[in-house]
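I have placed the structure first, in the form of structure tokens, so that the comments after it can refer back to it.
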Amino acid sequence: MSNDWIFGLVFIASGLFSLIASIKDWNFFFGSIKARLLVSIVGRNGARILFGVLGFVIIIVGILSILGKVDLASDF
């Protein structure tokens, strides 16, 4: 398994985590210190939308890495 596959799978897993957390509105996710700052600025629903979009983008980057279109492991 090459580094592109490993990094791609890590990106897909983290993107899925963020996307699912935003859909399910997990309190532990949005109650963390860093997420609370964003929630205080844009509100809970705004933070959910932002983390959902961010998760989706991270999933796309992971898929593109697995397909060889994006090189995430060039520095390693």
query = Considering only the stretch 17-41, how many residues are part of a helix (DSSP H, G or I), exposed (fewer than 13 other Cβ atoms within 10 Å of the Cβ) and not charged (D, E, K, R)?
reply = 7
task = May I ask you to list the residues in the stretch 42-76 that are among the aliphatic types (A, V, I, L, M) and open to solvent by 50 Å² or more (accessible area, probe 1.4 Å)?
result = Val42, Ile49, Leu50, Val53, Leu54, Val57, Ile60, Ile63, Leu64, Leu67
task = Name the single residue, out of those in the stretch 29-76 being under 18 Å from Gly8 (Cα atoms) and charged (D, E, K, R), that is modelled with the lowest pLDDT.
result = Asp75
Breaking point among (1) touching a residue at least 40 places away in the same chain (Cβ under 8 Å); (2) under 14 Å from the mean Cα position of the chain (by Cα), for Ala47 = (1)
message = Looking at the stretch 51-75 only, could you name the residues that are aliphatic (A, V, I, L, M) and more than 8 Å from the chain's Cα centre (by Cα)?
response = Val53, Ile60, Val61, Ile63, Leu64, Ile66, Leu67, Val70, Leu72, Ala73
ask   = What number goes with the only condition from (1) farther than 17 Å from Asp71 by Cα; (2) loosely packed, with under 15 Cβ neighbours inside 10 Å; (3) of a type outside the set (Asp, Glu) that Val10 does not pass?
value = (1)
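The values are calculated or read from the model by the stated rules, or taken from the named source; none is laboratory data. Worth saying up front: this structure is predicted, and the values here are computed from it rather than measured. Note: ideal-geometry Cβ built from the backbone for every residue, glycine included; neighbour counts use all protein chains shown. Please note that ligands, DNA and RNA were not included when accessible areas were found on the heavy atoms of the full protein model with its side chains. Shrake-Rupley method; radii C 1.70, N 1.55, O 1.52, S 1.80 Å.
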